[in-house]
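Enquirer: Would you mind keeping the following structure in view while I ask a few things?
The values are calculated or read from the model by the stated rules, or taken from the named source; none is laboratory data. This is a predicted model, so every value here is computed, not measured. Neighbour counts run over all protein chains shown; Cβ positions are idealised from the backbone, glycine included. Surface accessibility is based on the protein's heavy atoms, side chains included, excluding ligands, DNA and RNA. Shrake-Rupley method; radii C 1.70, N 1.55, O 1.52, S 1.80 Å.
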Amino acid sequence: MKEELSKIEELSKEYENIDISDIKMLMQKFFTKLRNRLENYVGDYPTFIEPVYLEDNVKIGDDVLIGPNVYIGANSEIQDYVEISNTIIFENVKVGQNFKLENCIVAKNSSFNFNNLNMKNSVLFGVAESKDELKTKDF
Amino acid sequence: MSEKNQKTVSRIKEVESTNLAPDNIRNEVIETKKAVEKDNDLLAERIHQNFKEHNVKSFDIVGAIGAGKTALLETISQRLTTKYRVLVICGDITTRVDADRIEKHNAETIQINTGRECALNAYHIHQIIKNKDLNKYDIVFIENVGNLICPSDFILGTDQRIIIVSITEGEWVVEKHPMLFKMSDIAVINKIDLKERLGTNVDKMISDAKKINPNIKVITTSAKTGENVEKLMSLMGF
């Protein structure tokens, strides 16, 4: 599982050089190996549809639906009313309120400081204060 | 009284006179409620179609906390997995206790932790189904969150709904929760092995279920001793 994850992380590092076909294949492989890890999140009781794997110190807001097939890296924050499925979020990421992410990858240290976004089949990067500032690459 | 307190008191008076929502948002609340129900039914229909297209038999198991839903699913899975490929979706507020118990009987399991939601809905099931190859299964059981009230708000698109109560809940449990009996195909009265000891009026429970829903099939079982489990399975079509 970690092997695919580090390959995906490497591939999604640089906005200009993403090999989408490799990422899709690796994601599929990664999700077949994904198992639950839910014991160390911070927050109330969100809805989890397994498999969901949370690294340490993930913060989750109210009325959040996570899964199936979701990995969230350490120290990331998911705010209220968010829905995430078939998605990999790397470490130290902030996702604003009412985001809906389906089949996405969010690159390490990304921070989306705004609310309301519906994204499918996309890699998301960087620090964005609004939807217009968001850097994405669709697949 | 401070201005802030006065405002709170007058707001309480306003809210006291309304059941659903204050006048200014009442219509919006009603429309939202109707839309949610309609969307759930649409998704449930889609799920049912999906099951049918793949020749998967499907059951929604509802019942109170501790009625024996998991225990019955354990014993049924044990019998069915020798012949069929079984997927069990388990709904619980938190933990993987039920899924772990059932998995020991060779069924594949998926746990949904609903957090603070008191029932599974069609969206939860749809999220799972769309990520699964249904050709790999013959039977799907959905063990709903333990609750005799909320699951009546959300159909899940299964072929049949089975309601499980037990005689330890008292002989009034059926008549006190009519809605789910109205919406179910089979009513199971479990823990029948304790009948003599508890003295529960089981005949009343059976006649109450029939009164509420004349079409419902009622059976008494014991997941512990295995009494009538085979009969229940034959009512389910096995």
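Enquirer: Return the residues of region B:40-82 that are out of contact with any Leu (no Cβ under 8 Å at 6 or more places or on another chain) and aromatic (F, W, Y); say none if nothing qualifies.
Expert: Scanning region B:40-82 gives a single hit, B:F59.
Enquirer: A follow-up question, please. Can you list the strands (runs of 3 or more DSSP E) found entirely within region B:66-177 that contain at least 2 residues being more than 13 Å from the chain's Cα centre (by Cα) and under 27 Å from B:K52 (Cβ atoms)? Please lay out each step first, then the result.
Expert: On the way: elements: B:86-92, B:108-113, B:139-143, B:160-166.
The strands (runs of 3 or more DSSP E) meeting that bar are B:86-92, B:108-113, B:139-143.
Enquirer: For the subset of region B:130-145 comprising residues that are open to solvent by 10 Å² or more (accessible area, probe 1.4 Å) and touching a residue at least 60 places away in the same chain (Cβ under 8 Å), which member is farthest from the other protein chains (Cβ to nearest Cβ)?
Expert: Result: B:D138.
Enquirer: I've got another one for you. Looking at this structure, is B:F154 out of contact with any strand residue (DSSP E or B) (no Cβ under 6 Å at 6 or more places or on another chain), aromatic (F, W, Y), in contact (Cβ under 8 Å) with a residue 12 or more places away in the chain and closer than 23 Å to B:C118 by Cβ?
Expert: On the way: out of contact with any strand residue (DSSP E or B) (no Cβ under 6 Å at 6 or more places or on another chain): yes; aromatic (F, W, Y): yes; in contact (Cβ under 8 Å) with a residue 12 or more places away in the chain: yes; closer than 23 Å to B:C118 by Cβ: yes.
Yes; evaluated as a whole, the condition is true for this residue.
Enquirer: Shifting gears a bit: Can you tell me which residue within region A:47-62, out of those that are within 16 Å of A:V93 (Cβ to Cβ) and assigned to a loop (DSSP other than H, G, I, E, B), is nearest to the other protein chains (Cβ to nearest Cβ)?
Expert: Looking only at region A:47-62, we keep the residues that are within 16 Å of A:V93 (Cβ to Cβ), and these are A:52-61.
Now narrow it down to the ones that are assigned to a loop (DSSP other than H, G, I, E, B): A:55-58, A:61.
Values: A:E55: 18, A:D56: 19, A:N57: 19, A:V58: 15, A:G61: 12 Å.
Out of the qualifying residues, it is A:G61.
Enquirer: Yes or no: region B:34-51 includes at least one residue that is open to solvent by less than 20 Å² (accessible area, probe 1.4 Å), more than 20 Å from B:N131 (Cβ to Cβ), without any contact (Cβ under 8 Å) to a residue 40 or more places away in the chain and not basic (K, R). Talk me through it step by step, then tell me what you get.
Expert: First, the residues of region B:34-51 that are open to solvent by less than 20 Å² (accessible area, probe 1.4 Å): B:40, B:44, B:47, B:51.
Of the ones still in play, those that are also more than 20 Å from B:N131 (Cβ to Cβ) are none.
The answer is no, given that none of the residues of region B:34-51 is open to solvent by less than 20 Å² (accessible area, probe 1.4 Å), more than 20 Å from B:N131 (Cβ to Cβ), without any contact (Cβ under 8 Å) to a residue 40 or more places away in the chain and not basic (K, R).
Enquirer: For B:N215, are the conditions met, namely being modelled with pLDDT under 95 and either part of a loop (DSSP other than H, G, I, E, B) or of a type in the set (A, V, I, L, M) (or both)?
Expert: Values: modelled with pLDDT under 95: no; either part of a loop (DSSP other than H, G, I, E, B) or of a type in the set (A, V, I, L, M) (or both): yes.
No; evaluated as a whole, the condition is false for this residue.
Enquirer: Moving on. Listed residues B:L180, B:L156; which is open to solvent by less than 40 Å² (accessible area, probe 1.4 Å), within 27 Å of B:I89 (Cβ to Cβ) and touching a Pro at 6+ places or on another chain (Cβ under 8 Å)? Working first, answer last.
Expert: Working: B:L156 fails: touching a Pro at 6+ places or on another chain (Cβ under 8 Å).
Among B:L180, B:L156, only B:L180 is open to solvent by less than 40 Å² (accessible area, probe 1.4 Å), within 27 Å of B:I89 (Cβ to Cβ) and touching a Pro at 6+ places or on another chain (Cβ under 8 Å).
Enquirer: Follow-up question, since we're still on this one. For the structure I just gave you, tell me whether B:D60 is more than 14 Å from every other protein chain (Cβ to nearest Cβ) and among the acidic types (D, E).
Expert: On the way: more than 14 Å from every other protein chain (Cβ to nearest Cβ): yes; among the acidic types (D, E): yes.
For B:D60, the condition - more than 14 Å from every other protein chain (Cβ to nearest Cβ) and among the acidic types (D, E) - is met.
Enquirer: Checking the condition among the β-branched types (V, I, T) and crowded, with 22+ Cβ neighbours inside 10 Å, which residue from B:I93, B:I102 passes?
Expert: From the options B:I93, B:I102, the qualifying one is B:I102.
Enquirer: Among the listed residues B:T200, B:T168, B:T221, identify the single one that is open to solvent by 20 Å² or more (accessible area, probe 1.4 Å) and either farther than 24 Å from B:N121 by Cα or not small (G, A, S) (or both).
Expert: Values: B:T200 fails: open to solvent by 20 Å² or more (accessible area, probe 1.4 Å); B:T221 fails: open to solvent by 20 Å² or more (accessible area, probe 1.4 Å).
Result: B:T168 is the single residue among B:T200, B:T168, B:T221 that is open to solvent by 20 Å² or more (accessible area, probe 1.4 Å) and either farther than 24 Å from B:N121 by Cα or not small (G, A, S) (or both).
Enquirer: Looking at region A:123-134, can you tell me whether even one residue there is closer than 26 Å to B:K132 by Cβ and either open to solvent by less than 30 Å² (accessible area, probe 1.4 Å) or not hydroxyl-bearing (S, T, Y) (or both)?
Expert: Yes, region A:123-134 has at least one match.
Enquirer: With the requirement that a residue be within 18 Å of A:Y71 (Cβ to Cβ) and either over 12 Å from the mean Cα position of the chain (by Cα) or part of a loop (DSSP other than H, G, I, E, B) (or both), what does region A:113-139 give you?
Expert: Within region A:113-139, the first condition is being within 18 Å of A:Y71 (Cβ to Cβ), and the residues that meet it are A:119-125, A:139.
Matches in region A:113-139: A:F139 only.
Enquirer: Tell me which residues, restricted to region A:1-15, are of a type outside the set (F, W, Y) and either at positive phi or surrounded by 13 or more Cβ atoms within 10 Å (Cβ to Cβ) (or both).
Expert: Correct list: A:M1, A:E4, A:L5, A:K7, A:I8, A:E9, A:L11, A:S12, A:K13.
Enquirer: Also, I was wondering about something else. Looking only at region A:16-46, how many residues end up being among the aromatic types (F, W, Y), open to solvent by 40 Å² or more (accessible area, probe 1.4 Å) and more than 17 Å from A:E91 (Cα to Cα)? Walk me through how you get there before you give the answer.
Expert: First, the residues of region A:16-46 that are among the aromatic types (F, W, Y): A:30-31, A:41, A:45.
Narrowing the set further to residues that are open to solvent by 40 Å² or more (accessible area, probe 1.4 Å) leaves A:41, A:45.
This time we only want the ones that are more than 17 Å from A:E91 (Cα to Cα), so: A:45.
The qualifying residues number 1.
Enquirer: Hey, does region B:105-118 have a residue that's away from chain A (no Cβ under 14 Å) and either in contact (Cβ under 8 Å) with a residue 40 or more places away in the chain or open to solvent by 30 Å² or more (accessible area, probe 1.4 Å) (or both)?
Expert: As a first pass, look at region B:105-118 and keep what is away from chain A (no Cβ under 14 Å): B:105-107.
Filter once more, keeping what is either in contact (Cβ under 8 Å) with a residue 40 or more places away in the chain or open to solvent by 30 Å² or more (accessible area, probe 1.4 Å) (or both): B:105-106.
The answer is yes; a qualifying residue exists.
Enquirer: Mind counting the residues in region B:57-86 that are open to solvent by less than 60 Å² (accessible area, probe 1.4 Å) and more than 18 Å from B:N121 (Cβ to Cβ)? If you could, list the steps in order and put the result at the bottom.
Expert: Narrowing region B:57-86 to residues open to solvent by less than 60 Å² (accessible area, probe 1.4 Å): B:58-64, B:66-77, B:80-81, B:86.
From the residues that got through so far, the ones that are more than 18 Å from B:N121 (Cβ to Cβ) too are B:64, B:66-68, B:70-77, B:80-81, B:86.
Within region B:57-86, residues that are open to solvent by less than 60 Å² (accessible area, probe 1.4 Å) and more than 18 Å from B:N121 (Cβ to Cβ) number 15.
Enquirer: Can you report the number of residues in region B:1-56 which are part of a helix (DSSP H, G or I), over 19 Å from B:Q127 (Cβ atoms) and not hydrophobic (A, V, I, L, M, F, W, C)?
Expert: Count: 21.
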